[in-house]
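J.: Below is one structure. I have some questions about it.
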Amino acid sequence: MFVLTEEGREYLEQGLPEKNLVELLRRGPLELSEAQGKIKNFDIALQWAKKNRWVEIRERKLSLVSEPKEFPALEALKGISEGREIEEKLLSTLLQRKLIKKEEVLRAEEFAGKEITALTPELIKSRLWKEVKLKPYNVEAVGKRIYPGKRQPYLQFVSKVKRKLIELGFKEMSGPLVETEFWNFDALYQPQNHPARDWTSTYQLKNPRYGGLPGKRIVENVKRAHESGVAGSRGWGYKWDPRKAMQLMPRAHGTCLSARTLAAEPEIPGKYFAVARCYRPDILDAMHLIEFNQVEGIVIDESLTLRNLLGILEIFAKEIAGAKKIKFLPDYYPFTEPSVQLSAEHPELGWIEFGGSGIFREELTEPLGIDVPVIAWGIGIDRLAMFKLGIDDIRYLFTQDLKWLRNAKTVI
Amino acid sequence: MAEKRKDGDLMPTVEFSLEDLQQLLGKKITAEELEDAILYAKGEVESVDGDVVKVDIKDTNRPDLWSIEGIARELRGSYGVEEGLPKFSVAKSGVKMKVDAKVERVRPKTVGAIVKGLRLSGYAIKQLIQLQEKIHQTYGRNRELAAVGVYDYDTLRPPIHYTTVKPEGIKFVPLDFEEEMTPREILERHPKGREYGHLINKFKEYPLMIDSENNVLSLPPIINSSLTGKITPETKNVFIEITGHELERISVVLNVLATALAERGGRIYTVEVLYPRKKLVTPELGAKKFTLDFEYSKKILGLELSKKEVVKLLRRARYEAKISGGKIFTKYPAYRNDIMHQRDVIEDIAIAYGLNKMLPEPPRLPTIGAADAREEFSDTVRELIVGLGFQEILTFSLTSKDALFRKMNLEEKEICEIANPISANWSVLRNWLLPSLLEFSASNLHVEYPHRIFEVGDAVEIDETQETKTKTVRKVACAVADTKVSYEEISSVLDALMRNLGMDYELRKTDHPSFIPGRVSEIFINGKPLGVVGEVHPQVLNNWGVENPVAAFEITLVFSV
């Protein structure tokens, strides 16, 4: 069984090139170049017309020498397109000229009523699928297990929290993993002898050991806040040591990003957040990581009050933890006053400590050039993440277990 | 910010009997009611077991709340049982403490008090010891800034001398021991000596508290003598001394202890502390003063309070207050030292009002949210690589030199090193991600292959030009581990990523000891060398214990300082 190729179909519709040439020359000889312009596929036409000795070229002129009665090739093309039998010799010429090709479908009678497995393009094109029966599969068997590319589930959860915060109008902050104690502590009004600044509570770097300090104005302001107080405060009343402030450390909390943002002329009103990788020399166990993410941020505006702070915490509890009931507890941070802890009743987990918040002390904001209230907040999403991921060991947030990652459900 | 441990400070947990609280309070209270009531003392109930209650006190600057006596005093205010400044009667004892000039360089300050007429039960003594411990740990910074000594006053022969002694200069029996020991022996052999010896062992002479008949009271801040330092239910009168470096801090501690004992029915007597050039009479229990702005207070609270209401709230928080001329004039108890700004008083007003009685009001501010550009770019990269069939992983950025260099066949170079690592495994900040990926693959040796994994994360490089002498670099690393991997495959993953990010890049043949020679290229993006792609060297695979070939690339995506 043969079918026409693209070229074969073209010739059947528009005539064989050699036929077109013969017909053109019936009106008399032509300049070679003139004939060339009038005939499509001229080279092919000339080749076949010469081979059959129908034309000759003399002094660059082309003329008809014998006119054929018929064009068997054309007849053959027509025959094939109509499914008639064609003599062997002609078939081989047409195959050689690539005007026809072997059709690779099996004959209908070979198929008819048979059951086959694979539906092929040929079956569809030839419509032979009508003659066959496609074998039914065991459609209730579970598919073979494959492992798609996918997000790390905890990071994916963090992304969702981030998206939520952005929807709530917060701009994302970012900053260096290595900080000076200045930005991590001093600028936050945390005194230099505070136990949080102890060898045992925070990491310090031994190489490089010291960084630089920011502009003189800010450094002087911070020094004054610690030593004798600013904004009506009595300060911590000790001699502030710039060298201590230059000590480098991997950041211990994300609050240093808020300090940097405040010092860099933030938008007022402004809302900012960060998901910050933080480091603390804790014992690594099911409840503690030495390296973890903190979600926190600030809200800046002249109009802010303690009731606004409670309002923000309430939104986080509802929007992020899905809590219906919440409770506020007094809290303490060296850099906020008043300070409030948020407990939220999660539908499944029960009461969880979900967030902390406070209004930054004026001893912190004034030295950084901010003269309006700044609400600082942090939310603890890890407990929630662990619940969503169905794990009870916090180390699984950074899991090294590929099998678990592959099988973990996408967080919705 | 949401941490149980308060930013490096141990949060004091106070254990007490509910029945005792009721007696001190003069009021019946159930464990359930305590949940809400304790908020007024900045506490949170941690556990209730029958009559035994444990409470976390949030404020690390309020040692007066670290005892049940102090908590009860605060709650009497919030319940309206007893409002305003707590009153303590103080009488003179005439007892003198002489401070030798020699203590100046060692542990220069001391204050003292006597509380008489006590009948302490075993339980009350335990409470006293608990309070002492909490103060030592937190407010006293592990005894460095304040150490408490409590003695049976009737065993002492005043005046008391605060002086120094040579390490072998005296012998006495320390608490919990039965033999006489020299100070040096105590530092070497007594558990407390070993724990706190570092506070004094650098000095030629150690601090010593001794009475007029050369009976040792204590070796501050290490240990009391067993002769004078034992408090029992028979003890009627106690002498308290505090040593440290700042008068203000140790005075607060003294006031906290003396007033806690006064809550147990004792009467406070002053002591004359004779420094070489001045005399103090302690404890000084007169009220302290602070003035704040009325309008500012209301503005911060967001509450429309009348003057009368503010005064009432402050009295419930154990202040005295008067409002005139737009100012709130307050007096507050001498056992507090935490008020340095108006806000500190405003918080007490808020707590007395009740945080849960306030109506939360979300701020309505016209702000527009936005992701950080660097994070957004990272997410785009993650999305593309996930699309190429890779599993995202998350690893720690703290690692070891061994992982970054030796295992990777690399010469050591300068990187960020932690001075106080808790383990050598987490002692440096990584400068590239690929070692983390190899470690990951090695921990999943028998998990079905191929391992197609990637991480987008931060690394830290030394950069002298930056304020932090480092720069944080966002990188992406991508690896395939399988029985057969090829450079061709990983470079087409790289190509797909780069083309989709619209980044012009070029691969230039290079030598890199972590990769197989002839199968590694440096990746140039816009003419800058920003990454590497290749087949990992089998020696590196052996070093990690990875048993399948690995092809990988790593690129620097963004810098930030």
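J.: How far apart, in nm, are two points set 7 Å out from the Cα along the Cα-to-Cβ line at B:ALA373 and at B:ALA91?
T.: 7.7 nm
J.: Going by average Cβ neighbours within 10 Å, how do the peptides B:497-510, B:379-392, A:330-343 rank, with the highest at the top?
T.: Numbers: B:497-510: 13.9, B:379-392: 18.0, A:330-343: 24.7.
With the highest mean Cβ count within 10 Å placed first, the list reads A:330-343, B:379-392, B:497-510.
J.: Grab region A:168-323 and count how many Lys pairs have their alpha-carbon atoms under 24 Å apart, sequence gap of 8 or more, or different chains.
T.: Working: A:LYS171/A:LYS271; A:LYS171/A:LYS318; A:LYS206/A:LYS244; A:LYS216/A:LYS239; A:LYS216/A:LYS244; A:LYS223/A:LYS239; A:LYS223/A:LYS244; A:LYS271/A:LYS318.
Lysine pairs meeting the criterion: 8.
J.: Another question, if that's okay. Taking every residue in A:303-316, how many Cβ atoms of other protein chains lie within 10 Å of its Cβ, on average? Provide the component values of the computation, followed by the final result.
T.: Details: counts 5, 5, 9, 14, 12, 7, 7, 9, 8, 4, 2, 3, 3, 0.
What the average comes to for A:303-316 is 6.
J.: To continue, here is another question. If you place +1 on the Cβ of every Lys and Arg, -1 on the Cβ of every Asp and Glu, and leave all else neutral, what size is the dipole of region B:90-282 about its Cα centre, to the nearest 20 Debye? Kindly include the intermediate steps, with their values, before the conclusion.
T.: Numbers: 30 positive and 23 negative charges, 125 e Å.
Computed about the Cα centre, the dipole is about 600 debye.
J.: By Kyte-Doolittle mean hydropathy of at least 0.0 and Cα axial length of at least 24 Å, which whole DSSP H helices of chain A are selected? It would help to have the intermediate numbers written out before the result.
T.: Values: long enough: none.
Both cut-offs are met by no helix.
J.: Right, here's the next one. Kindly provide the helix-only [θ] at 222 nm of chain B, computed as the sum of -39,500 (n - 2.57) over DSSP H runs of four or more divided by all residues, to the nearest 500 deg cm²/dmol?
T.: Numbers: 15 runs with 148 residues, N = 561.
Roughly -7500 deg cm²/dmol at 222 nm, from the helical runs in chain B.
J.: Hey, what angle do you get for helix B:247-262 against the long axis of chain B, alpha-carbon based, 0 to 90 degrees rounded to 10?
T.: Roughly 60 degrees, rounded to the nearest 10.
J.: Give the distance, in whole Å, between the Cα centre of region B:76-120 and the Cα centre of region B:266-321.
T.: Centre-to-centre (Cα) distance: 17 Å.
J.: State, in angstrom, two size descriptors of region B:13-78 derived from its alpha carbons: Rg to one decimal place and Dmax to the nearest whole number.
T.: Taking only Cα atoms of region B:13-78, I get Rg and Dmax of 10.3, 30 Å.
J.: Rounding to the nearest 10 and keeping the result within 0 to 90°, find how far the Cα-based axis of helix B:68-78 lies from the longest principal axis of chain B.
T.: 90 degrees
J.: Going by how many other beta carbons lie within 10 Å of each one, how would you line up A:TRP48, A:TRP377, fewest first? Working shown, then result.
T.: Numbers: A:TRP48 21, A:TRP377 24.
Arranged by neighbour count, lowest to highest, A:TRP48, A:TRP377 become A:TRP48, A:TRP377.
J.: Let me ask something else. For region B:373-560, rounded, prolate or oblate, judged on the Cα gyration tensor with a ≥ b ≥ c (square roots of eigenvalues), a/c < 1.5 rounded, else prolate if a/b > b/c?
T.: Details: a/c = 1.43, a/b = 1.10, b/c = 1.31.
Cα axes put region B:373-560 in the rounded bin.
J.: Region B:199-265 to region B:469-533: how many Å between their Cα centroids?
T.: Region B:199-265 and region B:469-533 have Cα centres spaced 67 Å from each other.
J.: Under unit Cβ charges (Lys, Arg +1; Asp, Glu -1), what dipole magnitude, rounded to 20 debye, does region B:246-347 have relative to its Cα centre? It would help to have the intermediate numbers written out before the result.
T.: Values: 21 positive and 13 negative charges, 62 e Å.
Around 300 debye, computed over region B:246-347.
J.: Choose one of A:HIS346, A:GLY28, A:GLY322: the residue whose Cα lies farthest towards the positive end of the charge dipole of chain A (beta-carbon charges +1 Lys, Arg; -1 Asp, Glu; about the Cα centre).
T.: So the residue we want is A:GLY28.
J.: Please compute the modelled spin-label separation between A:GLU10 and A:ARG58, points set 7 Å along Cα→Cβ, answer in nm with one decimal.
T.: According to this spin-label approximation, the distance is 3.4 nm.
J.: Per residue of A:165-175, what is the mean number of Cβ atoms on other protein chains within 10 angstrom of that residue's Cβ?
T.: Details: counts 2, 4, 1, 3, 8, 5, 6, 8, 1, 10, 5.
Mean number of neighbouring Cβ atoms from other chains: 5.
J.: Let me spell out the model: positive unit charges on the Cβ of Lys and Arg, negative unit charges on the Cβ of Asp and Glu, origin at the Cα centre of chain B. What dipole size does that give, in debye rounded to 20?
T.: Details: 77 positive and 85 negative charges, 663 e Å.
Around 3180 debye, computed over chain B.
J.: Which of the three applies to region B:90-282, rounded, prolate or oblate, going by the alpha-carbon gyration tensor with a ≥ b ≥ c and a/c under 1.5 meaning rounded? Kindly include the intermediate steps, with their values, before the conclusion.
T.: Working: a/c = 1.45, a/b = 1.24, b/c = 1.17.
Rounded, because the longest to shortest axis ratio a/c is under 1.5.
J.: Also: To make sure I understand, if each residue's beta carbon is the centre and we count other beta carbons within 10 Å, what order do A:ILE412, B:ILE351, B:ILE170 fall in, fewest to most? Display every interim value, and only then the final one.
T.: Details: A:ILE412 7, B:ILE351 22, B:ILE170 17.
Ascending Cβ contact count within 10 Å gives the list A:ILE412, B:ILE170, B:ILE351.
J.: Would you kindly calculate the mean projected area, averaged across all directions, of the convex hull enclosing the Cα atoms of region B:288-354, in square nanometres?
T.: Values: hull surface 15.5 nm².
If I average the Cα hull's projected area over directions, I get 3.9 nm².
J.: Going down the list B:LYS98/B:LYS204; B:LYS289/B:LYS312; B:LYS102/B:LYS202; B:LYS28/B:LYS58; A:LYS50/A:LYS78, which pairs span over 19 Å between their C-alpha atoms? Mind dumping the intermediate values first?
T.: Numbers: B:LYS98/B:LYS204 21 Å; B:LYS289/B:LYS312 17 Å; B:LYS102/B:LYS202 15 Å; B:LYS28/B:LYS58 24 Å; A:LYS50/A:LYS78 23 Å.
Correct reply: B:LYS98/B:LYS204; B:LYS28/B:LYS58; A:LYS50/A:LYS78.
J.: Filter B:LYS92/B:LYS331; B:LYS298/B:LYS357; B:LYS109/B:LYS134 down to the pairs with a C-alpha to C-alpha distance above 18 Å, please. Could the numbers behind the result be given before it?
T.: Working: B:LYS92/B:LYS331 24 Å; B:LYS298/B:LYS357 16 Å; B:LYS109/B:LYS134 20 Å.
Correct reply: B:LYS92/B:LYS331; B:LYS109/B:LYS134.
J.: Let me ask something additional. For A:GLU179, what residues show an amide H to amide H distance below 5 Å, using hydrogens built from the backbone and excluding near sequence neighbours?
T.: Those qualifying (amide H under 5 Å, at least 5 residues apart or on another chain) are A:MET249, A:ARG251.
J.: Same structure again: Take peptide A:339-351, look around each residue's Cβ out to 10 angstrom, count Cβ atoms belonging to other protein chains, and average those counts.
T.: Details: counts 7, 5, 7, 1, 1, 0, 0, 0, 0, 0, 0, 0, 0.
The per-residue average across the peptide is 2.
J.: Can you tell me how the protein assembly as shown classifies by the Cα gyration tensor, rounded, prolate or oblate, using a/c under 1.5 as the rounded cut? Kindly include the intermediate steps, with their values, before the conclusion.
T.: On the way: a/c = 3.11, a/b = 2.72, b/c = 1.14.
Judged from the Cα gyration tensor, the protein assembly as shown comes out prolate (a/c at least 1.5, a/b above b/c).
J.: Helix B:342-353 against the longest principal axis of chain B: what's the angle in degrees, Cα atoms only, rounded to the nearest 10?
T.: The angle comes out near 80 degrees.
J.: Less than 11 Å Cβ to Cβ from B:VAL311, Lys/Arg counted +1 and Asp/Glu -1: what total charge do the surrounding residues give?
T.: On the way: positive: B:LYS307, B:LYS308, B:LYS312, B:ARG315, B:ARG316, B:LYS322; negative: B:GLU83, B:GLU309, B:GLU320.
Within the 11 Å Cβ shell, the charges total +3.
J.: Cut-off under 19 Å on the C-alpha distance; same-chain residues fewer than 8 positions from B:LYS230 excluded. Which aspartates and glutamates are left, in chain and number order?
T.: B:GLU133, B:ASP152, B:ASP154, B:ASP176, B:GLU178, B:GLU179, B:GLU180, B:ASP211, B:GLU213, B:GLU241
J.: Considering only the other residues whose Cβ falls under 12 Å of the Cβ of B:TYR269, what net charge follows from Lys and Arg at +1 and Asp and Glu at -1? Kindly include the intermediate steps, with their values, before the conclusion.
T.: Details: positive: B:LYS92, B:LYS116, B:ARG267; negative: B:GLU272.
Summing Lys/Arg as +1 and Asp/Glu as -1 gives +2.
J.: Lysines within cross-link reach of A:LYS130: Cα-Cα under 16 Å, excluding same-chain residues under 8 positions apart?
T.: Straight-line reach from A:LYS130, under 16 Å: A:LYS114.
J.: What pairs from A:LYS388/B:LYS54; B:LYS475/B:LYS528; A:LYS150/B:LYS469; A:LYS51/A:LYS98; A:LYS162/B:LYS475 go past 25 Å between their alpha carbons?
T.: Details: A:LYS388/B:LYS54 30 Å; B:LYS475/B:LYS528 15 Å; A:LYS150/B:LYS469 36 Å; A:LYS51/A:LYS98 18 Å; A:LYS162/B:LYS475 20 Å.
Correct reply: A:LYS388/B:LYS54; A:LYS150/B:LYS469.
J.: I'd like to know which of A:PHE170, A:GLY390, A:SER81 lies farthest towards the positive end of the charge dipole of chain A, counting +1 on Cβ of Lys and Arg and -1 on Cβ of Asp and Glu.
T.: It is A:SER81, whose Cα lies furthest towards the positive end.
J.: What do you get for GluC sites (Glu not before Pro) in region A:108-177 restricted to DSSP loop and a cutoff of at most 15 other Cβ within 10 Å of the site's Cβ?
T.: Working: sites: A:GLU109, A:GLU110, A:GLU115, A:GLU122, A:GLU131, A:GLU140, A:GLU167, A:GLU172; in loops: A:GLU140.
Listed in order of number, the matching sites are A:GLU140.
J.: Shifting gears a bit: What does the charge count around B:ASN201 come to, taking other residues whose C-beta lies under 15 Å from its C-beta (Lys +1, Arg +1, Asp -1, Glu -1)?
T.: Around B:ASN201, the surrounding residues sum to +4.
J.: At a 10 Å Cβ-Cβ cut-off, how would you order B:PHE524, A:PHE2, fewest neighbours first?
T.: Values: B:PHE524 15, A:PHE2 19.
So the residues, fewest neighbours to most, are B:PHE524, A:PHE2.
J.: Return the whole-Å distance between the Cα centroid of region A:139-201 and the Cα centroid of region A:227-282.
T.: One Cα centre to the other: 18 Å.
Read-outs throughout are calculated quantities, based only on the coordinates presented, and are distinct from any laboratory measurement. Predicted model only: the values in this text are computed from it and were never measured. Glycine gets a Cβ as well: all are built from the backbone with ideal geometry, and neighbour counts include every protein chain shown.
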